[in-house]
Amino acid sequence: MVFDAEKTPIVSVGQVGDSSSAGMSSIQEPLIKQKHSQENYSVLAAIRPFLFPALGAFLFGYEIGATSCSTISIKSPTLSGISWYKLSSVDVGIITSGSLYGALIGSIVAFSIADIIGRRKGLITAAFLYLIGAIVTAVAPVFPVLIIGRVVYGIGVGLTMHAAPMYIAETAPSQIRGRMISLKEFSTVFGMVGGYGIGNLWVTVISGWRYMYATVIPVPIIMAIGMCWLPASPRWLLLRSLQGKGDMESLQEAAIKSLRRLRGSVAVDTAAEQVDEILAELSSVGEDKEATIGELFQGKCLKALTIAGGLVLFQQITGQPSVLYYAPSILQTAGFSAATDATRISILLGLLKLVMTGVAIVVIDKLGRRPLLLGGVSGMVISLFLLGSYYIFYNNVPAVAVAALLLYVGCYQLSFGPISWLMMSEIFPLKLRGRGISIAVLVNFGTNALVTFAFSPMKELLGAGVLFCGFGVICVVSLFFIYFIVPETKGLTLEEIEAKCL
């Protein structure tokens, strides 16, 4: 199947949405001001460079779903298959947050090496770390080895969630770039549902937690083979050329070959012209010059950092990591005593998240960012106070807990889930967008790890009812932040966002 640019107008970068819940990227797209040549492409060829990076997002989501089920299996005296099953709430917190600490390390590493090794090699490295982490976790003979496996897997997550959005954005045709990046978020949620489903299959089996992590081992192998087969990002090659980090002629020739492979046979004659246009765009916005970190904390960049950092901070401290990682445990305390009952409800939560992700992708450019944020977070407030009230007043009606969890997941996926990452990709001035996103990503993973680690001991100390009501209060505070600080960016180009919103 071939797409003909003559039949569909080419849109500018400012009109293409780059949205994702796990959509963490260092994309630095130039504002396109000149007329472009027609960009023909083969649909089949365009799907391939999306598919294998999206496997990295799938593995991130799978880890969330599988870990939420494995914490039930690993604490069971009859089903854990280990002698060290008597884990404290702190131990459980370390297990669930171990991969997040690894992701934090991976984000720091990616900040330093992403532009050196490139997006493709970054994803190959991530696949290798996924594989090692999954194997070590599955065969761990003692608790410390289990944590090492979790951290190694998490480093792969950190590298993936930087490199995958960049590779997809830089290789996808402009007409479908936003859709492809949004579908990467769908891959993350699909992986989460898969993790819940596999967890449900193994949760009643002796040493089932080992099988939960072992089941996914073939996926990073496929991901690595696929990324080795795909070409390097043509835009990364051209950046290296402009910045004098290699032979200019050889790098530009490699970029032309890469673009021909990525677009298919229909682009053989136009690839060289497209490469010339990209070079002109990169030069016109000063992409050959490196910005300093200090510029991030001045003027417009500081305001953008406040908006992006605030959104991802509230995304985490309003309880999202706790609900995802501890959903089966929450449901067990809510009256679903059997492990299979709790994990089956978790699958329902994952499916709802998948559906609401699709809804958000469809409506986000029609309704706007602020209405979805304000409406979705308001629903989160209601659901968290309802969940807290269940533990305090209605603990004999488990349907209240299930309804509250479903409402929370649905509202989160319409608001903080996709919009935080979409606005992060829109709000930073172009020259510093990559580094700005990197700092916001560090805030995200760091806060996620802290909240996930603290939830279990805090629940034990304060009680689940007080804790969820506390999350509800934080949600109320976030509503004020959204109303007074966060601008509406719907329909604006990146240039207009910088001029009107910062």
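Summary table below
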| read-out | value |
| --- | --- |
| Segment 75-156, Rg to Rh (Cα coordinates; Rh as Kirkwood inverse mean 1/r) | 1.09 |
| Cα-based radius of gyration of segment 42-113 once divided by 2.2 N^0.38 Å, which approximates compact folds | 1.56 |
| Rg/Rh (Cα only; Kirkwood hydrodynamic radius) as it applies to segment 204-255 | 1.41 |
| Rounded if a/c under 1.5, otherwise prolate or oblate - segment 354-398, Cα gyration tensor axes | oblate |
| Highest average packing first - 81-91, 439-449, Cβ atoms within 10 Å | 439-449, 81-91 |
| Accessible area per residue in Å² at 1.4 Å probe, computed on segment 186-235 | 36 Å² |
| Of K245/K300; K257/K490; K303/K459; K86/K459, those spanning more than 25 Å from alpha-carbon to alpha-carbon | K245/K300; K257/K490; K303/K459 |
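The values are calculated or read from the model by the stated rules, or taken from the named source; none is laboratory data. Remember, it's a predicted structure, so these values are computed and weren't measured experimentally. A quick note on method: Cβ atoms are made from the backbone with ideal geometry, for glycine too, and the neighbour counts reach across all protein chains shown. For the accessible areas, the whole protein counts, side chains as well, though only heavy atoms, and no ligand, DNA or RNA atoms are used. Shrake-Rupley method; radii C 1.70, N 1.55, O 1.52, S 1.80 Å.
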